[in-house]
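S.K.: My questions will all concern the structure given below.
The values are calculated or read from the model by the stated rules, or taken from the named source; none is laboratory data. Since the structure is predicted, the reported quantities are computational estimates derived from the model, not experimental observations. A quick note on method: Cβ atoms are made from the backbone with ideal geometry, for glycine too, and the neighbour counts reach across all protein chains shown.
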Amino acid sequence: MKLSEKQKQIFAAEGHLLVAGGPGSGKTTISILKAAQAAETRLRPSQEILFLSFARATISRVIEAIENEHDIDPVIKRRIHVETYHSFFWRLLNAHGYLLGLPRSLAILTPAGEAIALSNIRNSFEAEKKLTSEQKIDKRAQLQKERERQARNEGRVSFDLFARYVAELLERSDRLRKLIAIRYPLIVLDEFQDTNADQWRVVRQLGREATLMALADPEQRIYDWIGADPARLDQFRMEFMHTEVDMQGDNHRSNGTDILLFGNDVLKGKFTKNEYVGIEVNTYPANENQALATLMTTTYAIRKRLVASNQKGWSLAVLVPTKKMTRLVSDAFREPPEKLTPIHHMASIDLDAAILAAEVVSYLLQPPSLFHLEGFIDLICNYFRGKGGDDPSKTDLAKADSIRKAFAKYREKKSAGQAVPANSIAVAMVASYEAACAAVFTGDPEKDWVSIRKALDGGPCTRLKSIAIEVRNIRLLERGTQLRQDLSKNWRDFGGYKDALAITQQAFVREHFSTQSKPEQGVIVMNMHKAKGKQFDEVIIFEGWPRYVNKEIIANPDRIVRGNDRKNADSQSRQNMRVSITRGKRTTTILTPDNDPCVLLF
């Protein structure tokens, strides 16, 4: 590989290193080559280079890049260990957490489980936007106290506590810091600009013994709301004697286009050209049907263009501003308006609801027992308490309470030999439950899973129908997946799915730390925040539209800038837009309403 002068600087650098660069500047590629160089020249037996990043998709791309780098010897490749920050923190915490007074046996409190555990506290407060500053502080304190209680009393640790506990471990244990440095003498920190305060505490301690290589894009900090600090790079500069290399003018991802220039101009709020190569801005009429129809026809055209290119593994991302729009677009692609053809795609949605729905289905795979119905009701209540994640709706929480009360009344009537009122929600729920229990299984997990889902969908209970719809978003039962293999083995060992619920729960814990996900291909729909660290052949950015009454805007949801109001066009919204624009390698197409276009574009 022919190296630029900046890349030569990186290779020649000794000690701590800070590499700053924009999207597609080659930070990841050069860090891999630097890691390989270090692995070949510095490592002793049993030592490895540690490469940390936030997103599993980024990790997968790094692993793929390492595997495809022909200049690196296969033996050296195996000495570069790639994982997420969370995975690394969990390994340390699980092994050494007892030093902080945590139980010897720890389990992960997954986001779905945390949503259930914290739902009562969240329900005791009004919606976030209605809270005073004092109430917000009180709410955060109560939530944190419950997380701590879950960890210290029950050994269930939420992701939010990983970095805090690991920071405490490393701050208090010289021996542990030295052991980590002995194993990993060089640690690469991807997306360093997005580390929060506790993660920075960990980095400071790691850097006392090991050599750090921090990769950062100062303009790609889109996680201020969860603790990323604009001063982080300056803190690194002050903390460590280091070499710094600035690659922000380089662009390898979208070379030959103006995509990066346009993204930078959006960030600055000042456009330097009338037209940008690789950027298309199109408008649509401000109503749902025509907006979605425009999106679909645009997607058809770009997909056709990519297919005609004969490129293997092409990718087209449809990026939207909100979680709600991710589902809206995915539903429209799956079941489009009349005369339009469905678009095969993958949707990257928050899976709290789908995971809890999957627990219901997996439980129904298990053989009925004395308390099987009670366990089923518990999982249904958990579904409604946790499906909203960290923003549960009062309606869902009320549904959980009403189900619990209705079932208690149902049991009371049954025990007394009395008739249960026909309008009780428990009647329809039990009827759907019994239909699912009557399903005949084949030993093929995918087929049996679908039979349960269909039983719930075809039953009389509307609440269970919603679970059947939600569970369609789970894609862990494809051939060759670990969940499918584990369920098949359970069937062979016991003649039934004796441990289906535990197997499914473990599969989702494992999925949080998996580095085996394939790079996205085909059409992918996702929230703009989720696109960070990824790249696609082409990108469509699609935002919502204003709602009018008597020619006046009464609502403007799902916009890139909140309400599409210029006073809300802050650095955070501009950085988010820049990240989304610069995901595209060839073309980025922006779709915005014709009568109220995105304020960042004009």
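S.K.: What pairs come out if I take residues in region 578-601 that are free of Cβ contacts under 8 Å to residues at least 60 places away in the same chain and pair them with residues that are buried (at least 22 other Cβ atoms within 10 Å of the Cβ) and in a strand (DSSP E or B) whose C-beta lies under 8 Å away, six or more apart or interchain?
M.R.: Going by the 8 Å Cβ cut-off, the qualifying pairs are CYS598/ILE590; CYS598/THR592.
S.K.: Only helices (runs of 4 or more DSSP H) wholly contained in region 91-192 count here; list those with 1 or more residues that are at pLDDT below 95 and farther than 27 Å from SER31 by Cβ.
M.R.: Per the criteria, 111-123, 133-154, 159-172.
S.K.: Now a separate question. Take region 383-405 and flag every residue that is crowded, with 20+ Cβ neighbours inside 10 Å and small (Gly, Ala, Ser).
M.R.: Hits for region 383-405 are GLY386, ALA400.
S.K.: Assigned to a loop (DSSP other than H, G, I, E, B), assigned by TED's automatic domain parsing to the domain that holds ALA555 and within 29 Å of GLY26 (Cβ to Cβ): does that describe LYS339?
M.R.: Here the answer is no, as LYS339 does not meet what is asked.
S.K.: Checking the structure you have, find out if any residue of region 23-46 is in contact with a strand residue (DSSP E or B) (Cβ under 8 Å, 6 or more places away or on another chain), within 12 Å of MET213 (Cα to Cα), of a type in the set (S, T, N, Q) and in a helix (DSSP H, G or I).
M.R.: Within region 23-46, one or more residues are in contact with a strand residue (DSSP E or B) (Cβ under 8 Å, 6 or more places away or on another chain), within 12 Å of MET213 (Cα to Cα), of a type in the set (S, T, N, Q) and in a helix (DSSP H, G or I).
S.K.: Let me ask something else about it. Kindly list the number of the only condition in (1) touching a Leu at 6+ places or on another chain (Cβ under 8 Å); (2) surrounded by fewer than 18 Cβ atoms within 10 Å (Cβ to Cβ) that fails for ILE474.
M.R.: (2)
S.K.: Against the conditions (1) of a type in the set (A, V, I, L, M, F, W, C); (2) touching a residue at least 60 places away in the same chain (Cβ under 8 Å); (3) surrounded by 15 or more Cβ atoms within 10 Å (Cβ to Cβ), where does LEU206 fall short? Just the number, please.
M.R.: (2)
S.K.: Pick from region 472-490 the residues that are of a type in the set (Lys, Arg) and modelled with pLDDT under 85: which of them is nearest to VAL360 (Cα to Cα)?
M.R.: ARG472
S.K.: Follow-up. Looking at (1) of a type in the set (A, V, I, L, M); (2) assigned to a helix (DSSP H, G or I); (3) under 30 Å from LEU356 (Cα atoms), can you tell me which one MET577 breaks?
M.R.: Single failed check for MET577: (3).
S.K.: Restricting the search to region 431-471, which residues are surrounded by fewer than 22 Cβ atoms within 10 Å (Cβ to Cβ), of a type in the set (A, V, I, L, M, F, W, C) and part of a helix (DSSP H, G or I)?
M.R.: If the condition is that a residue be surrounded by fewer than 22 Cβ atoms within 10 Å (Cβ to Cβ), of a type in the set (A, V, I, L, M, F, W, C) and part of a helix (DSSP H, G or I), then ALA431, ALA435, CYS437, VAL450, ALA455, ILE469 are the ones that fit.
S.K.: Report whether or not ALA408 is over 29 Å from HIS512 (Cα atoms), in contact with a helix residue (DSSP H, G or I) (Cβ under 6 Å, 6 or more places away or on another chain) and in a helix (DSSP H, G or I).
M.R.: So ALA408 does not fit the description; no.
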